[in-house]
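No lab work stands behind these numbers, since they all come straight from the coordinates. All figures in this text were calculated on a predicted structure; none of them were measured in a lab. Don't worry about glycine lacking a Cβ; one is built from the backbone with ideal geometry, like all the others, and counts go over all protein chains shown.
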Amino acid sequence: AQSVTQPDIHITVSEGASLELRCNYSYGATPYLFWYVQSPGQGLQLLLKYFSGDTLVQGIKGFEAEFKRSQSSFNLRKPSVHWSDAAEYFCAVALYSSASKIIFGSGTRLSIRP
Amino acid sequence: NAGVTQTPKFRVLKTGQSMTLLCAQDMNHEYMYWYRQDPGMGLRLIHYSVGEGTTAKGEVPDGYNVSRLKKQNFLLGLESAAPSQTSVYFCASSYPGLANTGELFFGEGSRLTVL
């Protein structure tokens, strides 16, 4: 069965510091990959997505993610975080064979230290 | 511009009671989804639909039923609620096609408590 793992439950970084959130997936083929953000009490918003081609993808709010096939990873990065980035972040996957079925990871909660 | 609307937003049930969550979208989306969100478990897909009159099981379908009689509505039913179904439920929708894959539009969530 398709699955996606986010090994970090909670991360705290200082404002202005760089950020990397980890995501690993377990499939034989390359899936479609996504990162979503959820602000407190809100639904989820798509940050970025990877289908094919360039392995470094840019998203909204200054985020980027890099697909590494050899590591089955799709880590989210931001060079300098802002206090407003405090939220929960979810990695998600979909298979080419059933692209309508979107599966989410367990999430990483990001706190920002002033 | 409502987007995805879920009703009700809060509900408390007793074990064994039934209820229906309604999701309505006004974006003419083909695909609709129901997820549940529990602490430490992220979002888990309950059921989804790729078009009017069609539904499919997700990761955790047991104890839930769904119907998509109209394109704009996706109903999630609990026939006999259990405490394990206490959760926040999110509805989402999207357009079909590769370019739109994964671009889900979410509702604000429905918090359900089963006593």
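Below is a table of values for the structure above.
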read-out: Above-threshold pairs, the threshold being 27 Å between Cα atoms, out of B:Lys9/B:Lys57; A:Lys78/B:Lys9; B:Lys9/B:Lys70; A:Lys61/B:Lys70; A:Lys61/B:Lys9; value: A:Lys78/B:Lys9; A:Lys61/B:Lys70; A:Lys61/B:Lys9
read-out: Most mobile listed residue (B:Tyr35, B:Tyr89, B:Tyr64) in chain B, GNM with C-alpha springs under 10 Å; value: B:Tyr64
read-out: Net charge over other residues, Cβ less than 13 angstrom from the Cβ of B:Asp62 (K, R count +1; D, E count -1); value: +1
read-out: Top positive-direction residue, dipole computed over chain A with Cβ charges, set A:Ala92, A:Thr30, A:His82; value: A:Thr30
read-out: Relative contact order (%) - chain A, alpha-carbon pairs under 8 angstrom, separation at least six; value: 38 percent
read-out: Trypsin sites (Lys or Arg not before Pro) lying in DSSP loop within region B:51-112, provided at most 11 other Cβ fall within 10 Å; value: B:Lys70
read-out: Highest-fluctuation residue, B:Phe105, B:Phe90, B:Phe74 considered, GNM on chain B with Cα pairs under 10 Å; value: B:Phe105
read-out: Three-way shape call for the protein assembly as shown based on the alpha-carbon gyration tensor, with the a/c threshold at 1.5; value: prolate
read-out: Loop chymotrypsin sites (Phe, Trp or Tyr not before Pro), region A:1-90 (other Cβ atoms within 10 Å of the site Cβ: 16 or fewer; DSSP); value: A:Tyr27
read-out: Around A:Glu64: net Lys/Arg minus Asp/Glu count, Cβ-Cβ under 15 Å; value: +2
